[in-house]
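**Q** This structure is in structure tokens; I'll ask about it shortly.
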Amino acid sequence: MRITLAAAGLLAATACSPSPATPPANDTAATAGPAETAAAASGDAAPNIAAPKRQAGLWTFSHVAANGDELWTDKLCVGEKSEGGYSAFRQIGNGGDCTARNFTRTPDGYRYVTVCGVPGMKPVTTKGTLTGDVRTGYTLDEVLDLSVEGDDQKIVARHTGDCPAELTDGQMKDGKMGMIYSVLMR
């Protein structure tokens, strides 16, 4: 579902609350970094807190159906460049300009709400939770307001080792169509 939305330019997600008074040890800071601040100046809201950094290497993002079946898996080569402009929080809400990317620290991870869209189309609000350790593996449980009932999606992210030769820092291989593209160009 996420790739379908990305293709349409409609992915979204974030949560509305202030940053914690004392960030956990794996948080990089309580404010957005320079790349996110620059993006905000271009009309794309930066996350309200900086994302913890993912471990460098190959990450898989398995899209899971309500019955537990894996639908498809995207692969992303994470490194210093991609974490600077496409952090775990920036990846949520990917596919359009966001007017809000709000994250709140919880005992199990984060809660978030994002509002993102493309010009001429209704923005998509995504509400969700990120549980687990952003450095090594986490799960996103989201509800997008694409229909009256809401559209649930679950994505399981895992660090799996070194990047393969076909992918460099910031390149993603789409699990549905097999295309390789740069997440840094979005």
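The values are calculated or read from the model by the stated rules, or taken from the named source; none is laboratory data. This structure is a prediction, so every number in the text was calculated from the model and none was measured. Every residue, glycine among them, receives a Cβ derived from its backbone with ideal geometry; neighbour counts consider all protein chains shown. What goes into the accessible areas is simple: the full protein's heavy atoms, side chains included, and nothing from ligands, DNA or RNA. Shrake-Rupley method; radii C 1.70, N 1.55, O 1.52, S 1.80 Å.
**Q** Just to confirm, what accessible area per residue do you get for segment 52-160 at 1.4 Å probe, in whole Å²? It would help to have the intermediate numbers written out before the result.
**A** Working: 4780 Å² over 109 residues.
Each residue of segment 52-160 exposes 44 Å² on average to a 1.4 Å probe.
**Q** Starting from the Cα of residue 136, step 7 Å along the direction of its Cβ; do the same at residue 167; then give the gap between the two resulting points in nm.
**A** It works out to 2.0 nm between the two label points.
**Q** Shifting gears a bit: Under a crude label model (7 Å from the Cα following the beta-carbon direction), how far is residue 69 from residue 147 in nanometres?
**A** According to this spin-label approximation, the distance is 1.6 nm.
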